[in-house]
Structure formats: C-alpha cells, structure tokens
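Here's the structure we're looking at; comments come further down.
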Amino acid sequence: MPFDPQLRFSDPAGQTDAAATRWARQEIERALSSRRMKSDVEIEIVRGTPDAPVALPQVPEGYALWRSSDTIKVWGHDERGLIYALTELADRVTHALGDDPFAGPIPIAEKPTARIRSMARLFCSEEEDLDWFHDRKQWRDYLSMLATNRFNRFALTLGMGYNYPYHNPWIRDVYFYFPYPFLMDVAGYDVSVRELEPAERDRNLETLKYIGREAARRGLDFQLALWTQSYDFDDVPNANYTIDGIGTDTFAPYCRDALTRLLKEVPEITGLTFRVHVEGGIAEGDYAFWKQAFAGVAAAGRPVEIDMHGKGLDAVTIELARATGMPIAASPKYLAEHMGLAYHQCAIRENEHPPETPRSEREQLSEGSRKFLRYSYGDLLTKDKDYAVFYRIWAGTQRVLLWGDPALAGGYGRLSMFAGSDGVEWCEPLSFKGRMGLGVPGQRFNYKKQGLATRRDWEKYLYQYRVWGRGLYNPDGPRDGWMRHLNASCGDAADACEAGLAHASRVLPLVTLTHGPSASNNHYWPEIYTNLGLVSDKSGVAYMKDIGAPRRFGCAPTFDSQLFVNAADYVAALLEQHEEYRYTPHDVADWLDGLAAQCEASVSRARSSLFWTTPSVQRIMIDVEICGGIARFFAERFRAAVWAELFVATKATALIDRVMVHAERSTLAWDRVADVSQAVYHDDLTYGPQSWLRGSWHTRRPQMRAELDDLRAFRSLDQTESRALTPAGERAVAAIVARRPVEQADGVTAPERFIRGEPVTIRYDGTADARPVLRFRTVDQSKRWRSLPMSSEGNGFEATIPGEETDTDHHLQFFVSLTRDGVPSLVPGLDPNLSNQPYFLAMQE
C-alpha cells in the first residue's frame, strides 16, 4: 500500500500550479512518503506582503518560512523563491532525525547574493560519460539536487576536453567535440559522423531534449556550452569518429543553421556558451564566422543568452553579439584554469601582459593585444557595461578529493559579484576525467577500495554541492543547511567531518594561488603534484609551457604577485636589503601547517566516533587526511625553497643542510599521503594522456625520493667547491631565522564610491615604523599597480590618488602596506579563514 503522509496543503492563489512549483510541492510529498513520516501541520502558500515575524526579502529568488499555530507559512518573492522555500522543507524531511519532519531554523528568510550560480557538467569521454548522459533517472535526481541546493543554472558542457584543435596528435575521443552532427541532421547540408548510426544520433538529441525539460521543470536555467566550433577534421589520424561533408564555403552557414535548429528542437535552452578564441577552432579575427553563428542564435526567435568565454574576447566580438538583440555575457576564468582563494587576484602574472608581437596570426588576440584576458577578468568590468560578467572555476586544482568549506563558499558568493559582476560557474568534481581518449571502464569513481564508491559518480560530492550552492546563494545562511546532511550521514562524527573538510578545503586553493608553475589545467595538477626541483632546474617538463629557465620550485610565480612573493624574489629582496611587504613563502607555510593540524585533529576526533567505519565518514576522512598530508608537504617545500634559492644565489653549500631538513620532512609527508591513498584510489587516475595528468599519489613518490638523492649529492661536494656565506648572505640567513609573519591590520578610512576624474583620499589611523604605502590600481588587469607613500596627517597618515588616475571607465581597488614594531602588516589583508577580499574596492559613481 502506498504510504499516505497526510500532508495538508493550502494554496488559495494557485501559486504551485505552474510546473516548477508543482514539482517542488511534490518533493515534500515524496520526501514524507520515502521517510514514512506523517505531517501534523498544514503548509500554506501565502502571497503579497503578509504580516510575518521576519522581513520578507523583496528581491528575486528570495523566500521566507514561518510558523503560525499548526501552520507553516511559505512565501516566495517569485517562482524560484517559492521553489527554494518548498525544497527547503523537503530537504528538512529528507534529513530529519526526530519526530518533527520540518525541524530546523524558523522563522527564516533568505535572499541570493550571487545572481548566477551555475554548475557545469563536462562530457569529455565516450567511455566514461555516455552512460550518465543517457541515464534519465540520474538526471532527475541530479537536477533535483542542484535546485534544492539553490543553483539556478545548469551548464551541460561539450567540446571542452581539448585545448588546441590544430595538428594535435592527442585528439582521439571526439564524441560531441564538434557537437552538431552527433545530435542531428541539418537540412540542406550533407554533414554527418561516418561511424555514428542515425539511431544513436537521434537518441542523443532526445536525451538533450529530456535534460532541457527536466531542468525547466525544476526552475533551472539550461545553458548549453559548445566550446568547439571546428577542428582539423582531415588531420586527426587518431580520432575515433570522422566528420564527413564539411566544406569551407558551407561551414559557417552550417553552424549557423545547426544552432537555429538546435534551439528550436530544445526550447528549454536559455543560453549558449561559446569559446570565441582560437582554441574553439575559429581563428581570432574571423568575425565573419561569429556574425553568422550569433545570427543563428537570434533566428531561433526567442531570447537566448550569448555567453562568450573571456579569453581573447574583444570589443568587435561583443558588438557582434550585441547587434543580435540577444542578452549577452562574458565569462572569464576566476583564477587561470584552477581554483584559488575567493578573492580576485590583484595582479596577473607578468607573462600574461601583451607581447610586442602575437605568437601567430590566428592567436592575434589571446596571445597578442588581449592576452591579459587569458586567466582573469581583464578590462571587462567597466562602469557602464551592458553585458553580464560571471566567472568560471576550472577543474585544475582539485578533481578527486572532497571539498566543503562554508567560509570559502560564502566568500565566493560575495566576491563573485565583485565590481558589478554577476556570479560564478563551477566545473564540478571529476571534470576532465578520461579526456583525450583516456576513459577507463569501471574507473569513473576513482576508488579501488571496495565499498566506497557511491551509486552515481556525483553522489560522493553531495556535501560539496550543498555547501557550494548554499554558500553562493546566501553566504550568511544557517549552519543547519549543511549540517543536517552530515548529521544524517555521519552521525556522531558530523562535527569532526565539518571541521576537517572546512580546513582541508583551503589547502589546495591556497597552494594554487601561491605556487603557480602553470596556469593551464593541462600541465599543473597540485592535487597530485608533479615535482618541481628545489635546486636542480632539470625537472619541470610538465611546466615548460608556462615558465622558462630556471625551472625550480622557488622560481615558479605566484598567481598574485601584488600580495604574494615567491622564494626567488623573496631571497633577492633579502640579499639586496629591500623591505618586503608581501606574504612570503614562510607565511604560506605557516597557514598550511595550521590547516594540516586542524585536519589531523579532526581525523583523530572522528576515529573515536561510532560512525568511523561507515562509508560516508571514511570517504570524508580519507580525503581530509590526504589534504592534511598535502598541506604538510607543501609547507615544507615552501620553507625548503627559500633556503634553496639562497643557496643558488650564494653557492654556500652549508645551506644545503637547511634545504635537506625541510625537503626530508616534505618527502615524509608525501610518503604518508601515498600510504593512505594507495589502497583506496586507483593507481592510474586518468585526467589526460601525459604523465602529469595521470597516476596517483604513490606513483609520484619516486620523484620525491630522487630529489633527496640529488640534494645529498650537492651536500657531499668536495669542500674545495664550497663557498662561505658573504655578509649579505649572513644577513639574509639572520632575517629568515628572525622573520615575523605578515599581520592583518585595520584603521583605513576610504570611500566606497568616487567620482570620475576627481582625487580620492585614503587615510590610515594608526601607528607605523615608517610611512605606510598606499598601493592602488583601477579594476583593469591590463594596467599596472601604482604606489604612493602616505604623509603624516594628525594622528595618522593620508595619501591622495590624483584625478588623472581616476579618469577611467573602471572602478578603483587599493590596500595599504606598513610596518609596526618591526612587523610587516597589510590593510585589510587576509582573514584567518582566508575567505575575504584583501583589498578595498571603490565603485565609480
């Protein structure tokens, strides 16, 4: 007999009659029936501006819940707000541990911070992805999970698996790489996939239609990302499929008409994402192609967002999109092809500024005049922009291990709206798994150890989606929103799991930000790190694309040279007796050690819990322990790199002993990571064909061990080759030993807004050993940072940014560096949880 939850529902205005709100209402009924719980309260949908014990958030997607006697009142500002209110109740039922199925914070009112909260799911491997693509039950559950966790957009992403479409021998698996002929036959063109049966092509389109319908049914925007418009169709000898019928004269019209038909076949598509630079297969400067492609979007006869990936984007392409009358957006990378901390980097790397001449004609923008847009927002954030800007977080940093830090997720929620931006899209866990023809049957879940794999690949990361989606929606949301999941799945280990994951989740973003040997996810994977030598520059083949000689750990740039200094530049400043205001490798190492200690403490606490052996707790705590070990590894690498760079600069072989101490500790930490992971994860986790994109933690161990042997060889050099420390070297050693961490300070008074062309005065009220320095730049990464010494004024210091510096289309960002009692300080600097913006922003009136 079907279970009757006896739910009483009142909706006098019929607000839940629409498909999406009806689905949300049914989620409550489904959850009650699934848990076999009865409701003793009535749920009443209210509208307008009723009396409520909380302030009703009168903004799109806002919602409120409150109790009145035996009734739960449900209010939503709009359809999506009502969906969030209803799914909040359904989610409480799903995780209820007591008799009250709706237990949780009430009254409650929430409203969104990030306007765009998107999740991207990548199709990169026929072997590993085709099954989930056609699994309709998993789509219903997956999309329900996204909507429940307050994502408002889902981006199905095709053609992102390869970086370069020309003369590329790695192009093997091309399923959906050039997507149109894998989905449909376009009338008037004889374009097809030779090895694909028409029935399979038609099935693909039917599945895409189904995904669109189910996304719309849950109130989700459905974004289809078409990253590749062309590749060398006749020069891919290793490709598993052949595209026939492509002609030079008909190619652009074919893509135009294919886009129109695709949008008519799947009317639920609300936006399309295009990679508009050379890696999408269209030479930069070929505006004729994009004019036709964008016209194909407009011909669908309804508003469809044209989202243009930021790299190589220029004013001409934006104007072509604008001319269609469609809503338009630009989506730059948040931090290269990785995930750093939540704030937007102050400065791009030096080699991202435009060269005198572009690398090639077809890369005239991304490797030429617009190079500063490769890995961040560039010059897109103008005061009067008429396009949306949202950021894409690529899956370069962390692909396998669990992530879940409410503080950092909230930071992304706030800071993805930086300077008039609109939100963020996250490439979900497992993105790029099996790409470039490296799909392995049975390895989608990464686990070797029996009993840890979840039913679907994404279900391992349920807590991750929850923390991320809710943090983007409301950075100050109630803790119950994520803890109810941990309480239900991890029992008495829930608090330890929360704390452990929170600290573990800061490790790799911090490492990525401060150690950037490559901006490309195809070359740098800090999660399973490929070693870069401390003293020898013979290693580092993985990083040749991005950093030139010498390729040593301490020479790798940071991703924010305005706030973080690498070991080589830090040592150079010490030897030259220049004051360094930035966070040093020692500061980063101290943070990492603190995070590691918290990870270790959480694992220790969880071991004594009754739930320790359950798969839910094991999945979390294994990954927390691995992240803690990675933190120890990199902490010691950063310390070793400082001594290594001082040795390289001075040739004083006595310093090798100091390098060895930290290098040995680093290797021991990696050994621990390898020991923990070896029995749990597969030996070959395939995220690409090169050695640095596959393998596992224990397969990297020989690299670490080999370097110790090299360092021992340096230490055993004949003493006639050794040198004594110079006085400058001795001073540097003393400064390193006596160093004090950079501190966070306050006391700056600054305007939140300014008028274009007028001077802006910044004041610091506090003490300083010498004149503080104001450091500033317009919010335009094609520009360089400037600095002004602050003058003593009354009980503090002031500096004025002249009007010619504020005569700009952009906003203004700045911070203050100073020294107090010999301690370097930054205002505002980074908070202890690393989730804030370490500079001030003044918006132009």
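The values are calculated or read from the model by the stated rules, or taken from the named source; none is laboratory data. Quantities reported herein were computed from a predicted structural model and do not represent experimental measurements. Cβ placement follows ideal geometry from the backbone for every residue including glycine, while neighbour counts extend to all protein chains displayed. Keep in mind that these areas ignore ligands, DNA and RNA; they rest on the heavy atoms of the full protein, side chains included. Shrake-Rupley method; radii C 1.70, N 1.55, O 1.52, S 1.80 Å.
If the cut-off is 14 Å between C-alpha atoms, which aspartates and glutamates fall inside it for Lys137, apart from same-chain ones fewer than 8 positions away?
Glu214, Asp457, Glu459
If I compute solvent accessible area with a 1.4 Å probe over the protein chains, what percent of it on the range 1-121 is carbon and sulfur? Present the calculation step by step, with values, prior to reporting the outcome.
On the way: 2500 of 5390 Å².
Roughly 46 percent of what the probe reaches on the range 1-121 is carbon or sulfur.
Which lysines, on any chain, are close to Lys111 with Cα under 20 Å apart, when same-chain ones fewer than 8 places away are left out?
Straight-line reach from Lys111, under 20 Å: Lys73.
Taking the Cα-to-Cβ direction at Arg22 and at Asp70 and moving 7 Å from each Cα, how far apart do the two end points lie in nm?
In this crude spin-label approximation the distance works out to 2.9 nm.
Give me the dipole magnitude in Debye, nearest 20, for the range 508-582 about the Cα centre, with unit charges on the beta carbon: positive for Lys and Arg, negative for Asp and Glu. Please list the in-between numbers first.
Values: 5 positive and 8 negative charges, 67 e Å.
The dipole magnitude comes to about 320 debye.
How do the peptides 369-375, 664-670, 164-170 rank, highest first, by the average count of neighbouring beta carbon atoms within 10 Å per residue?
On the way: 369-375: 22.7, 664-670: 20.1, 164-170: 15.1.
Going from most to least packed, we get 369-375, 664-670, 164-170.
Cα gyration tensor of the range 690-763, axes a ≥ b ≥ c as square roots of the eigenvalues: rounded (a/c below 1.5), prolate (a/b > b/c) or oblate? Kindly include the intermediate steps, with their values, before the conclusion.
Details: a/c = 3.66, a/b = 1.67, b/c = 2.19.
In terms of gyration-tensor shape, oblate.
Given a 1.4 Å probe and the protein chains all in place, what does the accessible area of Leu685 round to, in Å² to the nearest 10?
0
For Ala679 paired with Asp709, estimate the spin-label separation in nm (one decimal), with each label point 7 Å from Cα along the Cα-to-Cβ line.
Taking the simple label geometry, Ala679 and Asp709 are separated by 2.8 nm.
Hey, quick one: spin label on Ala724, modelled 7 Å out along Cα-Cβ, who in the range 637-652 has an amide N within reach, i.e. under 13 Å?
none
With a 1.4 Å probe and all protein chains left in place, how much accessible area per residue does the chain have, in Å²?
That works out to 35 Å² for each residue.
Just want the answer: with Cβ charges of +1 for Lys and Arg and -1 for Asp and Glu, which residue in Ala252, Cys124, Phe151 is farthest toward the dipole's positive end in the range 121-252?
Phe151
Over the chain, what is the relative contact order in percent, taking alpha-carbon pairs closer than 8 angstrom and at least six residues apart?
Values: 1804 pairs, mean separation 86.0, N = 845.
The value is 10 percent.
Ranked from highest to lowest mean number of other Cβ atoms within 10 Å per residue, what is the order of the peptides 407-414, 671-678? Don't jump to the answer; show the numbers that get you there.
Numbers: 407-414: 24.0, 671-678: 18.9.
In descending order of packing, they fall as 407-414, 671-678.
How high is the FRET efficiency between Ala299 and Ala601 when r is their beta carbon distance and R₀ equals 41 Å, given to the nearest 0.05? Kindly include the intermediate steps, with their values, before the conclusion.
Working: r = 60 Å, r/R0 = 1.46.
Working from the Cβ atoms, E equals 0.10.
Kindly sort Met308, Met544, Met843 by accessible area of their heavy atoms, largest first, with the probe set to 1.4 Å.
Details: Met308 5, Met544 110, Met843 45 Å².
Output order, biggest surface exposure first: Met544, Met843, Met308.
So for the pair Ala549, Asp99, with labels modelled 7 Å out along Cα→Cβ, what separation do we get in nm?
With each label point 7 Å from Cα toward Cβ, the separation is 7.8 nm.
Quick one: dipole size for the chain, taken about the Cα centre, charges +1 on Lys/Arg Cβ and -1 on Asp/Glu Cβ, in debye to the nearest 20.
Values: 97 positive and 115 negative charges, 238 e Å.
With Lys and Arg at +1 and Asp and Glu at -1, about 1140 debye.
As a test question: what accessible area, to the nearest 10 Å², does Thr248 have when a 1.4 Å probe is rolled over all protein chains in place?
130
Rounded to the nearest 5, what is the percent of antiparallel bridges among the DSSP beta bridges in the range 288-443?
Details: 1 of 13 bridges.
Roughly 10 percent of the DSSP beta bridges within the range 288-443 come out antiparallel.
Calculate, for Arg140 and Glu793, the FRET efficiency according to 1/(1 + (r/R0)^6) with r their C-beta to C-beta distance and R0 41 Å; round to the nearest 0.05. Spell out each step's value before the answer.
Values: r = 64 Å, r/R0 = 1.56.
Calculated value: 0.05.
Tell me, what is the percent relative contact order of the range 597-676, built from C-alpha pairs under 8 Å that lie six or more residues apart?
Numbers: 62 pairs, mean separation 26.6, N = 80.
That works out to 33 percent.
Helix-only mean residue ellipticity at 222 nm, the chain, DSSP H runs n ≥ 4 weighted -39,500 (n - 2.57), per residue, nearest 500. What is it? Could the numbers behind the result be given before it?
Values: 20 runs with 291 residues, N = 845.
The helix contribution divided over the chain gives -11000 deg cm²/dmol.
Which part of the range 305-336 falls in the paramagnetic zone of Ser360, meaning amide N under 20 Å from the point 7 Å along Cα-to-beta-carbon?
311-314
How much FRET efficiency would the formula 1/(1 + (r/R0)^6) give for Asp593 and Ala187, where r is the Cβ-Cβ distance and R0 is 60 Å, rounded to 0.05? Walk me through the numbers before you get to the answer.
Numbers: r = 64 Å, r/R0 = 1.07.
Taking R0 as 60 Å, the efficiency between Asp593 and Ala187 is 0.40.
How much of the accessible area of the range 732-845, probe 1.4 Å, is carbon plus sulfur, in whole percent? Mind showing how you got there, number by number?
Working: 2300 of 5120 Å².
The value for the range 732-845 is 45 percent carbon and sulfur by accessible area.
Highest mean first, how do 92-105, 783-796 rank when packing is the count of other Cβ atoms within 10 Å averaged over residues?
On the way: 92-105: 16.9, 783-796: 13.4.
Packing order, densest peptide first, comes out as 92-105, 783-796.
May I ask you to give the percent of accessible area on the range 583-673 that is carbon plus sulfur, with a probe radius of 1.4 Å?
Details: 1570 of 2860 Å².
Accessible surface attributable to carbon and sulfur in the range 583-673 totals 55 percent.
What does the extension gain come out to for Asp809 and His578, with contour length at 0.36 nm per residue minus their alpha carbon separation? Can you show the working numbers first?
Working: separation 231, 0.36 × 231 = 83.16 nm, distance 3.48 nm.
Length gained, Asp809 through His578: 79.7 nm.
As a test, work out the antiparallel percent of DSSP beta bridges whose residues both lie in the chain, rounded to the nearest 5.
Counting DSSP beta bridges with both partners in the chain, the antiparallel share is about 45 percent.
Quick one: which of Lys333/Lys371; Lys433/Lys460; Lys383/Lys783 span more than 21 angstrom between C-alpha atoms? Let's see the in-between values first.
Details: Lys333/Lys371 13 Å; Lys433/Lys460 15 Å; Lys383/Lys783 16 Å.
Flagged as over cut-off: nothing, all pairs pass.
Quick one: accessible surface of Glu110, probe radius 1.4 Å, all protein chains present, in square angstrom to the nearest 10.
10
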